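This report refers to the structure that appears directly beneath it.
The values are calculated or read from the model by the stated rules, or taken from the named source; none is laboratory data. This is a predicted model, so every value here is computed, not measured. Please note: Cβ atoms are built from the backbone with ideal geometry, for glycine as well, and neighbour counts cover all protein chains shown. Note: accessible area is taken over every heavy atom of the protein model, side chains too, but ligands, DNA and RNA are not part of it. Shrake-Rupley method; radii C 1.70, N 1.55, O 1.52, S 1.80 Å.
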Amino acid sequence: KAGVTQTPRYLIKTRGQQVTLSCSPISGHRSVSWYQQTPGQGLQFLFEYFSETQRNKGNFPGRFSGRQFSNSRSEMNVSTLELGDSALYLCASLPGLSGGLREQYFGPGTRLTVT
Amino acid sequence: AQSVTQLGSHVSVSEGALVLLRCNYSSSVPPYLFWYVQYPNQGLQLLLKYTSAATLVKGINGFEAEFKKSETSFHLTKPSAHMSDAAEYFCAVTTEKTSYDKVIFGPGTSLSVIP
């Protein structure tokens, strides 16, 4: 079974631009979560989607948004990029809801560099 | 609110030696605790988790961790280090069983294995 895939793997953008990152969960998985990983702040939860609905959102500004499609694929968008948005963005998938502390399966991440 | 600290941002061990990665947590209610591993250019992989059952938790790749309430610790150990264990290790804590949005990750410990 293929794992979680994220595209693109690497991205360089300029301040003020916007970016869209994509995540394809493991086949059959309906829950997708996004995380931001930076050397300074570590790993931080962005949002979680299940069946095209956002279940939870982390403490990030409104410039960060996401959506999930009917095939469970998810995208996250960051508008008006800032230098501090440079990070590794990780996506994780689960078969169902995240209750019960079931294992999440992480993708390799998208490395975003903002210049 | 809960928090987690990992003593030592970088740990070096010789191949075949004991691996000990330290994690201390702070929580006003019984916590759930995790250890994740991140290999270079990859996402996180769950090593093991404590969910209030047995205090000694065995995980994948020969790792185990012991929950010690009196010491508020959840240290990760492996009897004999292998070169393939070189990676970044993250301890995480949550008190929510219904979703992952409240999981707090530690800053990580980079493990080097010397041949």
Conditions (1) under 19 Å from residue A:107 (Cα atoms); (2) away from chain B (no Cβ under 12 Å): number failed by residue A:53: (1)
Any hit, the stretch A:4-16, residues being open to solvent by 20 Å² or more (accessible area, probe 1.4 Å), in contact with a Gly (Cβ under 8 Å, 6 or more places away or on another chain) and within 29 Å of residue B:89 (Cβ to Cβ): yes
Residue in the stretch A:58-73 that is open to solvent by less than 20 Å² (accessible area, probe 1.4 Å) and under 15 Å from residue A:106 (Cβ atoms) present: no
Residue in the stretch B:10-29 that is open to solvent by 20 Å² or more (accessible area, probe 1.4 Å), without any contact (Cβ under 8 Å) to a residue 24 or more places away in the chain and at positive phi present: no
Check on residue A:93, among the small types (Gly, Ala, Ser) and either open to solvent by less than 20 Å² (accessible area, probe 1.4 Å) or within 14 Å of chain B (Cβ to nearest Cβ) (or both): yes
Wholly enclosed strands (runs of 3 or more DSSP E) of the stretch B:31-115 bearing at least 3 residues open to solvent by less than 60 Å² (accessible area, probe 1.4 Å) and in contact (Cβ under 8 Å) with a residue 24 or more places away in the chain: B:32-38, B:44-50, B:73-78, B:87-94, B:109-114
Among the candidates A:67, A:73, A:111, residue that is more than 11 Å from the chain's Cα centre (by Cα) and basic (Lys, Arg): A:111
Qualifying residue in the stretch B:40-47 (condition: in contact with an Asp or Glu (Cβ under 9 Å, 6 or more places away or on another chain) and more than 11 Å from chain A (Cβ to nearest Cβ)): no
